[in-house]
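Colleague: The structure's right below; bear with me while I get my questions together.
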Amino acid sequence: FLPALERVKAIGDDFVGVNNREPFARFIDHALSERFTTVGIDRKPNDSEALIQMRPRLVRVLGEFGSDPRVSAAAAEIADRYLEAPESVDADLAREALRTTALGDDGRRYAQYKQVYLSSSSADQKTNILTSMYFDDPDIVRQHLDFSISADVPAGDAATGLFRFNYVLHDHAILYDWLASNEEAFLKKIPEVYHGILPRIIGASVCSDSNLELLRTFFADRGELYQASLAKTVEGAQLCMERRARHDTALIEFLAQYQ
């Protein structure tokens, strides 16, 4: 079942946008909510290893693309439990619960995530929190990007926010606005090995003309250092847009049955 979940998530990542998000959510609820009812959120004594591995991704796919309120409530409960006592929750489930909760949040939880990150003595918990900042509120995005180049975040993790937000946000303009204002500090903070792959860091999920134009415009006159990564990122974006255009009609027709 896990490979099927991964395939469904890949379809959501590549093909779901504003025009088909609601019918795709209905499909996800129809296909997976019953499985969630059976599996639940907590590990049980007789759970197989396959089920233990599958549960976090089931929560993520339902939480990111579905609309079942039970899933968001269960994920929030797991996130709270993990933030209070990280040893009480499987790390994989905690990470997906944190991300799912952030995706559905209006930004009020950011302070909670940040506070626990700053106070935690667990390296694994700090990493899980930092890689789960899937908030889309513009003020939170700017605040977290500022935080990412502060002394409280290790240099190797400083690019995590920029990388994660490029997956979360439909419009990447805010990322380029921030980077333009903080480019010197950002480049000074991150490891030098990351410099040449900056187009990939900020543009890994580009699959629209508008975000592709932002990517090209920003790096157009920033020297040879970025050109190899830029070319590969542009190629990936173009392939994604071609796939989306090629399959969009068929996907809409398939989803029409889930009314």
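The values are calculated or read from the model by the stated rules, or taken from the named source; none is laboratory data. If you're wondering where the values come from, they're calculated on a predicted model, not measured in any experiment. All Cβ positions, glycine included, derive from the backbone under ideal geometry; neighbour counts span all protein chains shown. We work out accessible area using only protein heavy atoms, side chains counted, and drop any ligands, DNA or RNA first. Shrake-Rupley method; radii C 1.70, N 1.55, O 1.52, S 1.80 Å.
Colleague: Using the crude model of +1 on Lys and Arg Cβ and -1 on Asp and Glu Cβ, and no other charge, please compute the dipole size for the stretch 79-184 relative to its Cα centre, in debye to 20.
Modeller: Details: 9 positive and 19 negative charges, 31 e Å.
The calculated dipole for the stretch 79-184 is roughly 140 debye.
Colleague: So if I place +1 on the C-beta of Lys and Arg and -1 on the C-beta of Asp and Glu, and nothing else carries charge, what would the dipole magnitude of the chain be about its Cα centre? I want it in debye, nearest 20. Walk me through the numbers before you get to the answer.
Modeller: Values: 29 positive and 40 negative charges, 74 e Å.
Approximately 360 debye in magnitude.
Colleague: How much length is gained if the chain between D137 and A85 is pulled fully straight, taking 0.36 nm per residue apart and subtracting their Cα-Cα distance, in nm to one decimal? Intermediate results must be reported in sequence, preceding the final value.
Modeller: Numbers: separation 52, 0.36 × 52 = 18.72 nm, distance 2.70 nm.
So the extension gain works out to 16.0 nm.
Colleague: Work out how far the C-alpha atoms of the stretch 159-259 reach from end to end along every principal axis, then list the three figures in whole Å, largest first.
Modeller: Result, largest extent first: 52, 24, 20 Å.
Colleague: HN-Hα J couplings of the stretch 46-62 from phi, Karplus 6.51/-1.76/1.60, θ = phi - 60°, integer Hz, Gly and Pro as x?
Modeller: Listing the rounded values in order: 9, 5, 6, 5, 4, 5, 4, 6, 6, 4, x, 6, 4, 4, 5, 5, 5 Hz.
Colleague: Between H30, V193, A74, whose Cα lies farthest towards the positive end of the dipole of the chain when Lys and Arg beta carbons carry +1 and Asp and Glu beta carbons carry -1, centred on the Cα centre?
Modeller: Ranked along the dipole, the leading option is H30.
Colleague: With every protein chain left in place, what is the accessible area per residue of the chain in square angstrom, probe 1.4 Å?
Modeller: Values: 12990 Å² over 259 residues.
Result: 50 Å² of accessible area for each residue.
Colleague: Here's another thing I want to ask about it. Which of A111, L145, W178 sits closest to the plus end of the dipole of the stretch 107-179, meaning its Cα is farthest towards the positive end, when Lys and Arg get +1 and Asp and Glu get -1 on the C-beta?
Modeller: Toward the positive end, the furthest listed residue is A111.
Colleague: On the protein heavy atoms, probe 1.4 angstrom, tell me the percent of accessible surface of the stretch 1-126 carried by carbon and sulfur. Walk me through the numbers on the way to the answer.
Modeller: Values: 3230 of 6300 Å².
Whole-percent figure for carbon plus sulfur exposure: 51.
Colleague: Given N residues in the stretch 25-171, what is Rg(Cα) / (2.2 N^0.38 Å)? Working shown, then result.
Modeller: Values: Rg = 15.4 Å, N = 147, 2.2 N^0.38 = 14.7 Å.
Ratio of Cα Rg to 2.2 N^0.38 Å: 1.05.
Colleague: Still on this structure: Give the separation of the Cα centroids, the stretch 1-16 to the stretch 60-119, in Å.
Modeller: What the calculation gives is 21 Å, centre to centre.
Colleague: Express in whole angstrom the spacing between the alpha-carbon centres of the stretch 204-253 and the stretch 130-149.
Modeller: Result: 23 Å between the Cα centres.
Colleague: Looking at the P(r) of the stretch 205-259, how many percent of alpha-carbon pairs lie beyond 16 Å? Walk me through the intermediate numbers first.
Modeller: Details: 768 of 1485 pairs.
Summing the P(r) tail past 16 Å for the stretch 205-259 gives 52 percent.
Colleague: While we're here: For the stretch 96-215, take the alpha-carbon Rg, divide it by the Kirkwood Rh, and send me Rg/Rh.
Modeller: On the way: Rg = 13.7 Å, Rh = 14.6 Å.
Radius of gyration over Kirkwood radius for the stretch 96-215 works out to 0.94.
Colleague: Which label belongs to the value computed from this structure, given these candidates for volume of the Cα convex hull per residue in Å³: (i) 118; (ii) 154; (iii) 132?
Modeller: Recomputing volume of the Cα convex hull per residue in Å³ here picks out (iii).
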